[in-house]
Every structure is written in C-alpha cells, then in structure tokens.
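**Student:** Structure provided below as structure tokens; questions to follow.
Please treat every number below as a calculation from the coordinates, not as lab data. All of these numbers come straight from a predicted model, not from anything done at the bench. Cβ coordinates were reconstructed from backbone atoms using ideal geometry, including for glycine residues, and neighbour counts include every protein chain displayed.
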C-alpha cells in the first residue's frame, strides 16, 4: 500500500514546548493531513471497525467472546497482578517487560521518553514506582516503533488492549500495521477524528 506522510505547511512564527524538563523553541508548523492518507484511514476504519452498539440496536446478539469479555479479563488480570505484587509473588509485569524491550532495542530511558514526548517525571514514575501503571495513551506513545506483537503484549501487561469496537483503537491499529511512527501525524489524525492525542 502506498503511504503518503508528507503533509506539512510551514507558517511564520515560533512556539514553545516545555514538557521534557526543559524549554525549547521550535519553528511553528501546521500539520495538514494529506487527503490520500486520510482516505486510506477511512477505508481501514470501514473495513475493521465493528459498531457493536448499532448492531445491538438492530437486534444482533453476541456471545461476548470478544470486546466485553476482554474488558473483564483484562481488568481481572490487572487486579491479580497487583495482588501478587503486594504479596511479593512477582515483579511489575508491565515495567519488567518494558525494560526488557528497551534493553533489546539498545535504547536509553531518555531516548524512549523523548520519542514518546513524555514528561520525564512520568517516565520516572514508571521506572521507580513499583505499582504505577501509566494510561493507555502513554503506553501507546511509548510503544511507537514496536511491532504489532510487541505493542499488544506491552498493552496487555498494563491491563489494556486494542479492540475492533473502538474507532480510536482501529486508527491506532492502522499506524501500527503500516509502521508509521510519526507521533505528530498520529496525533493530528486522532484529533481530526475527535479523539485525544497520545502521550501524557
């Protein structure tokens, strides 16, 4: 599939970002989503998104082998992991796997939180607070440049998952599947469809 990501229009002026523990001036740019990539995403949503609520209203019944069951299983697994942590049966399931991935990719903590555009204090909490679990959007921002299997595994260990019943998750799935790791572009697309952006 041909992916078009060149979608920038420079505008005069500057703006300031101060989220990584320092203040830096950046040349101001406005991201205009290329119409072709936007159409590709819309086609991907049409193909992969399942509107369970609309189907229910039409009288379709589900056995819940999917979305709802996964929600319940994910919540239960998260509770069990935290209980095990409390009694010393295991380490932090999420952070242990995250540090393993970071070591395997030969990356530093600084490289990871800068690529994810996270406040270093958030990343420090992940590193140092045993029972801290970041938000799903933070995990997804950290997971950029991982393959689909690694991303889903990292999400699962934090008690989250991607579901076909969430249009937001389907959009994220598009970028993972097509190996598009431009966080600014991803966030512009999420904002275009009315969703919150990734990161802290």
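**Student:** Arrange the following residues from fewest to most other Cβ atoms within 10 Å of their Cβ: 122, 50. Don't skip to the end; give the middle numbers.
**Tutor:** Details: 122 20, 50 16.
The fewest-first ordering by Cβ neighbours comes to 50, 122.
**Student:** Oh, and also: In nm, give the distance between the simple-model label positions of residue 47 and residue 192, each being 7 Å from the Cα along the Cα-to-Cβ direction.
**Tutor:** In this crude label model, residue 47 to residue 192 measures out at 1.7 nm.
**Student:** Using the beta-carbon distance between residue 100 and residue 180 and R0 = 22 Å, what value does 1/(1 + (r/R0)^6) give for FRET efficiency, to the nearest 0.05?
**Tutor:** Details: r = 25 Å, r/R0 = 1.12.
The pair residue 100/residue 180 has a calculated efficiency of 0.35.
**Student:** Moving on. For the pair residue 60/residue 127, report the inter-label distance in nm, with labels modelled 7 Å from Cα in the Cβ direction.
**Tutor:** 4.7 nm
**Student:** Ranked from highest to lowest mean number of other Cβ atoms within 10 Å per residue, what is the order of the peptides 133-141, 148-156, 183-191? Walk me through the numbers on the way to the answer.
**Tutor:** Working: 133-141: 21.0, 148-156: 16.3, 183-191: 18.1.
Put in order of decreasing packing, that is 133-141, 183-191, 148-156.
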